[in-house]
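Chemist: Please find one structure pasted underneath; my questions will follow.
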Amino acid sequence: GPAAQVPPPPRGIAATPGVRAAAPSVVRVLGTACGLGIEGGGWVAGTGLVVTNAHVVAGETDTTVQVDGNPPGLPAQLVDFDPHDDVAVLRVAGLSERALSLAPSRSPGTPAAILGYPLDGPFNVQPGRIGQTVVATTEDAYGNGPVLRSIEPLRGLVRPGNSGGPLIDAGGQVVGTVFAAIIGTPASSGGDGLAVPNAVVGAQLARAKSRSGPVGSGPCAG
């Protein structure tokens with residue numbers, strides 16, 4: 001996907017009250033697929049609902065969600081799985097954390113913090129800035145393509161394990177869901193990544209809320 005083409009993010013975004021208030025609603029998502037442990041992030045999007053990436057849960061039958069990133073995890077049921085746009089929604093019984101809201105359209109250049117559990121480590125917040133949402137020819141959750149999909153470039157440090165985590169603006173709202181880093185970005189630039197736009201996530205959430213039973217998780221992603 002394209003780079004964000006926006007200025008470096010302001011470091012202060014990571015310490016704003018809205019970002020700090022959103023932090024408890026960001027979770028770690030764990031599971032096993034094809035014999036390998038898979039780790040990513042997610043965010044609470046409704047009563048007992050967590051948004052993550054399809055590639056984080058692909059092929060899993062034992063997905064769990066850890067609040068605060070710590071065991072024990074809560075069993076999660078997959079209720080939406082869209083490999084084309086790399087979105088999945090989990091239903092998690094016993095999840096009481098506050099739901100985050102999807103922000104209305106934000107202008108390119110809006111500061112937003114990247115929240116998650118990169119490298120299977122502790123909770124981490126990095127400054128970011130969103131770019132212009134575009135329709136691009138790229139790959140799906142399995143790395144297959146070409147597929148035409150809506151993506152939101154971002155500027156900021158995205159690492160393995162950030163997948164499925166949210167971009168949070170200063171008001172504490174979600175402005176995108178991280179799904180990839182752009183490989184080969186110069187270290188001096190601070191990194192570049194890609195997110196699923198809110199319009200896509202919102203449509204998948206609506207489908208998930210209308211379902212009463214689980215859906216399949218497809219084949220493994222790796």
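Chemist: Counting only helical runs of four or more DSSP H residues, what would the 222 nm mean residue ellipticity of the chain come to if each run contributes -39,500 (n - 2.57) and the total is spread over all its residues?
Modeler: Computed ellipticity for the chain at 222 nm equals -2500 deg cm²/dmol.
Chemist: Right, next: Stretch residue 62-residue 136 to full length: gain in nm at 0.36 nm per residue minus the Cα-Cα span?
Modeler: 23.3 nm
Chemist: Can you give me the accessible area per residue for the chain, using a 1.4 Å probe, in Å²?
Modeler: Result: 41 Å² per residue.
Chemist: Another question, if that's okay. If you wrap a convex hull around the alpha carbons of the stretch 98-147, what volume per residue comes out, as a whole number of Å³?
Modeler: 142 Å³
Chemist: What number comes out for the charge environment of residue 209, summing +1 per Lys or Arg and -1 per Asp or Glu over other residues with Cβ under 10 Å away?
Modeler: The answer is +2.
Chemist: Out of the total accessible area of the stretch 17-65 (probe 1.4 Å, heavy atoms of protein only), what percent is carbon and sulfur?
Modeler: Within the stretch 17-65, the accessible surface is 61 percent carbon and sulfur.
Chemist: A further question follows. May I ask you to give the percent of accessible area on the stretch 143-215 that is carbon plus sulfur, with a probe radius of 1.4 Å?
Modeler: 58 percent
Chemist: About the Cα centre of the chain, how large is the charge dipole given +1 on each Lys and Arg Cβ and -1 on each Asp and Glu Cβ? Please answer in debye to the nearest 20.
Modeler: With only Lys, Arg, Asp and Glu charged at Cβ, the dipole is about 540 debye.
Chemist: Quick check of the Kirkwood formula: for the chain, what is the inverse mean of 1/r over all pairs of different Cα atoms, in Å?
Modeler: Result for the chain, one decimal place: 16.8 Å.
The values are calculated or read from the model by the stated rules, or taken from the named source; none is laboratory data. Small disclaimer: the values here were computed from a predicted structure and weren't measured. Neighbour counts are summed over all protein chains in view; Cβ atoms, including those assigned to glycine, are modelled from backbone coordinates with ideal geometry. For accessibility, only protein heavy atoms count, side chains too; no ligands or nucleic acids. Shrake-Rupley method; radii C 1.70, N 1.55, O 1.52, S 1.80 Å.
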